1. Beyond 19 Å between alpha-carbons counts as too far, so tell me which of K43/K87; K65/K108; K87/K108; K43/K101 fall in that bin.
2. Compute the signed sum of charges (Lys and Arg +1, Asp and Glu -1) over the other residues within less than 14 Å, Cβ to Cβ, of R57.
3. Please return the longest stretch of the chain lacking exposed loop sites, where trypsin sites (Lys or Arg not before Pro) count only if DSSP places them in a loop and at most 15 other Cβ atoms lie within 10 Å.
4. Within a Cβ distance under 14 Å of K43, other residues only, what is the Lys/Arg minus Asp/Glu net charge?
5. Within the stretch 31-52, whose backbone N sits under 16 Å from a point 7 Å along Cα→Cβ of K101?
6. Measuring with a 1.4 Å probe in the full set of protein chains, what accessible area per residue, in whole Å², belongs to the chain?
7. Considering the dipole of the chain built from charges on the beta carbon (Lys and Arg +1, Asp and Glu -1) around the Cα centre, which of G16, Q82, T120 is farthest to its positive end?
8. Compute the separation of the alpha-carbon centres of the stretch 58-123 and the stretch 3-33 and state it in Å as a whole number.
Amino acid sequence: QVQLVESGGGLVQPGGSLTLSCAKSARTLSGYSMAWFRQSPGKERDFVAAISWSGDRTYYGDAVKGRFTISRDNARNTVSLQMNSLKPEDTAIYYCAASPKQGATSRKAYSYWGQGTQVTVSS
């Protein structure tokens, strides 16, 4: 049973920072690309960032480039998303996902999903 469990969400003021973490439960995700997506009420689930299995390639959505950083620790089976200079429009539920396709930015390419963690940016 593959499980992805997100943590680290919460309330933060505009301009602040937050780090999300995703813990993977299964070794069957070996070789998988990992990503973060986010979804606001009434909107589609959008791509945020992805990282290749080896960690040597990263990909970012236009809205977060220069502010967010994705990283992974395969020895610990974790993926992180460092979010800086947060804006109210970053408010969403953030989901961790896994795909066998390296560099995928479409949610359709992702086979496994976590339950999500809420991030709220507000003063």
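The values are calculated or read from the model by the stated rules, or taken from the named source; none is laboratory data. The structure presented is a predicted model; accordingly, all values stated were derived computationally and were not measured. Cβ: placed from backbone, ideal geometry, glycine included. Neighbour counts: every protein chain shown. The protein model used for the area step is the full one, side chains on, heavy atoms only, and it has no ligands, DNA or RNA in it. Shrake-Rupley method; radii C 1.70, N 1.55, O 1.52, S 1.80 Å.
1. Violating the 19 Å Cα-Cα cut-off are K65/K108; K87/K108; K43/K101.
2. Spelling it out: positives minus negatives among the neighbours equals +1.
3. Details: sites that count: K43, R57, K65, R67, R76, K101.
In short, 1-42.
4. Values: positive: R38, R45, R107; negative: E44, D46, E89, D90.
Cβ neighbours under 14 Å give a net charge of -1.
5. 32-37, 46-52
6. Values: 6520 Å² over 123 residues.
Result: 53 Å² of accessible area for each residue.
7. Q82
8. When both Cα centres are located, 7 Å separates them.
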